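Asker: This is the structure I want to talk about, given as structure tokens.
The values are calculated or read from the model by the stated rules, or taken from the named source; none is laboratory data. Note that this is a predicted model, so its numbers are computed, not measured. Cβ placement follows ideal geometry from the backbone for every residue including glycine, while neighbour counts extend to all protein chains displayed. Ligands, DNA and RNA are stripped out before the accessible areas are found, and what is left, the full protein with its side chains, is counted by its heavy atoms. Shrake-Rupley method; radii C 1.70, N 1.55, O 1.52, S 1.80 Å.
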Amino acid sequence: LYSLQQLVEEISTSTNNGHTKTIFVGGKGGVGKTTVSSALAVALASNMLEDLKVLIVSTDPAHSLGDALDVDLKTSGKFVQMDDPLTMGKLTACEVDTNEALQTFSDNLQAFNVDQLADA
């Protein structure tokens, strides 16, 4: 995690003013997005000098975030607060089933009367 230390310090310092930070980790398949994002989340949540609340969300169909954090996240999109001694409840994780989320969005969209909305 040494290479992440500067980023961890920058994020920790910038959140001291009460602003929420959003960080996206992206890239092609197999480049280590889950590894980097989970390591970053754990590093931030376990920072003893800052009281940061960290949320990590994965939309990866491989659902490997739970494996990286050693926690069962197969709870259909529910948030799981980590209770390990390292992050002390300051890390919350979630794996989103993108197919299920897309179907829910589609179902909700069909419930709208587009003609009525256009007249509004």
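Asker: Charges on Cβ only, +1 for Lys and Arg, -1 for Asp and Glu, centred on the Cα centroid of the chain; of Gln116, Leu40, Val80, which one is farthest towards the dipole's positive end?
Answerer: The Cα lying farthest towards the positive end belongs to Leu40.
Asker: Now, a different point. Under the rule of at least 5 residues apart or a separate chain, name every residue whose amide H is placed under 5 Å from the amide H of Ile56.
Answerer: Thr92, Ala93, Cys94
Asker: Now, a different point. How much accessible surface does Ser58 have with a 1.4 Å probe, in Å² rounded to 10?
Answerer: Its accessible surface works out to 20 Å², give or take rounding.
Asker: On to the next question. Spin-label point model (7 Å from Cα, Cβ direction): what's the Asp107 to Met48 distance in nm?
Answerer: Each label point is offset 7 Å from its Cα along the Cβ direction, giving 4.7 nm.
Asker: Run a plain Debye calculation on segment 1-68 (Cα atoms as equal point scatterers, no solvent) and give log10 I(q)/I(0) at q = 0.13, 0.16, 0.26 Å⁻¹, rounded to two decimals, same order as the q list.
Answerer: Cα-only, vacuum Debye calculation for segment 1-68: -0.38, -0.56, -1.27.
Asker: Now a separate question. Using only C-alpha atoms and all pairs of different ones, pull out the Kirkwood radius for segment 30-81 in Å with one decimal.
Answerer: It is 11.9 Å.
Asker: Is any helix in the chain, taking whole DSSP H runs, at least 15 angstrom long along its axis by alpha carbon and on average at least -0.5 on the Kyte-Doolittle scale, and which ones?
Answerer: Span-like helices in the chain: 33-45.
Asker: With all protein chains present, how much of the accessible area of the chain (probe radius 1.4 Å) comes from carbon and sulfur, to the nearest whole percent?
Answerer: That fraction is 55 percent.
Asker: I would also like to ask the following. With springs only between Cα atoms under 10 Å apart, run a GNM on the chain and tell me which of Ser38, Ser46, Ser106 wobbles the most.
Answerer: Top of the fluctuation ranking is Ser106.
Asker: If you don't mind, there's one more thing I want to ask. So what does the Cα-only Debye profile of the chain read at q = 0.10, 0.20 Å⁻¹, as log10 I(q)/I(0), no solvent term?
Answerer: Summing over Cα pairs of the chain leads to -0.40, -1.11.
Asker: Solvent-accessible area per residue for segment 43-120 at a 1.4 Å probe radius, Å²?
Answerer: Heavy-atom accessible area per residue stands at 70 Å².
Asker: Which lysines have a Cα lying under 19 Å from the Cα of Lys90, excluding residues fewer than 8 positions away in the same chain?
Answerer: Lys21, Lys53, Lys78
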